Amino acid sequence: MLTVAALYRFTPFADPAALAGPLRAACTAAGVRGTLILAPEGLNGTIAGPAEGIAAVLAHIRALPGCADLVPRESRARTMPFGRLKIRLKREIVTLGQPQVDPRAATGQYVAPADWNALIAAPDVAVIDTRNAYEVAEGTFAGAIDPGTASFRDFPAWWRANRDRFAGKRIAMFCTGGIRCEKSTSFLRGDGVEQVFHLQGGILAYLDQIPPAESLWRGRCFVFDDRGGLGHGLLPQGDAGAQACSPEPARLKACPA
């Protein structure tokens with residue numbers, strides 16, 4: 001079995017380009033593939049390889065500025081879910097297109113998976129899925145609102161067009177591994193929304209920790225690799241990705257979030 005590690009960290013990198021070469025070398029030496037995105041605001045990605053190889057790459061990443069305590073979300077795969085290694089330099093590690101948003105300054109309140117069911121069942125809570133439409137189509141939480149976005153960059157416009165419908169509501173948001181909620185909840189905080197929460201560790205943490213009998217999750221969780229979709233226990237659940245990625249498979253698989 002191979003180890004798959006999904007990770008992100010918002011931390012300032014003065015020169016992301018200077019980090020790319022050594023990071024690529026560490027991954028190559030360890031037999032690790034996947035996608036890692038470097039930007040001035042930090043690091044994001046999903047990688048896979050033998051357990052010892054993943055451990056070596058994580059040790060390299062933890063030596064980077066602000067990454068010492070990084071804890072990835074790990075799962076397993078029987079075969080390598082990535083065709084190759086990609087180290088990418090971008091303006092943002094997950095693209096919202098709102099330069100004023102800084103998750104290091106303010107985000108929503110984290111809610112542990114064990115407390116998530118009670119929160120989203122409350123009558124004064126509106127639950128918003130911050131992922132894209134092709135991901136939501138594979139699975140989501142019961143009763144969650146789907147913004148119908150084609151990309152994360154579309155979320156701010158959707159919120160501004162719909163914010164009045166959420167007057168008087170607490171807002172609970174979720175995404176795959178947590179990174180998009182870092183930015184979306186920070187965006188809402190900047191828009192004056194105080195009562196905003198997000199699922200700590202994202203759907204992956206929920207599926208890893210909550211037993212199926214207690215789950216409010218419906219369907220499977222789309223992931224950006226060849227496993228397609230994951231279920232409880234982070235076990236692969238068919239080729240969701242192959243179906244959902246059909247319009248732009250290369251782009252989608254290169255954008256873990």
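Quick note: the coordinates plus some simple rules give every number you see, no bench work behind them. No experiment lies behind these values; they were computed from the predicted model shown. All Cβ positions, even for glycine, are placed from backbone atoms using ideal geometry, and neighbour counts span all protein chains on display.
Points worth noting:
- Hits in the range 57-100 (condition: within 28 Å of residue 188 (Cβ to Cβ) and among the hydrophobic types (A, V, I, L, M, F, W, C)): 67, 70, 71, 93, 94, 96
- Of the listed requirements (1) surrounded by 15 or more Cβ atoms within 10 Å (Cβ to Cβ); (2) among the acidic types (Asp, Glu); (3) over 30 Å from residue 154 (Cα atoms), residue 69 misses just one: (1).
- Within the range 162-184, the only residue that satisfies the criterion of being assigned to a helix (DSSP H, G or I), of a type in the set (S, T, N, Q) and touching a strand residue (DSSP E or B) at 6+ places or on another chain (Cβ under 8 Å) is 184.
- Filter result for residue 87 (part of a strand (DSSP E or B) and not polar (S, T, N, Q)): yes
- Hey, residue 119 surrounded by fewer than 17 Cβ atoms within 10 Å (Cβ to Cβ) and either under 21 Å from residue 232 (Cβ atoms) or touching a Cys at 6+ places or on another chain (Cβ under 6 Å) (or both) or not: yes
- The range 146-173 residues that are closer than 20 Å to residue 203 by Cβ, paired with ones that are part of a loop (DSSP other than H, G, I, E, B) and acidic (Asp, Glu) (beta carbon under 7 Å, 6 or more apart): 170/124
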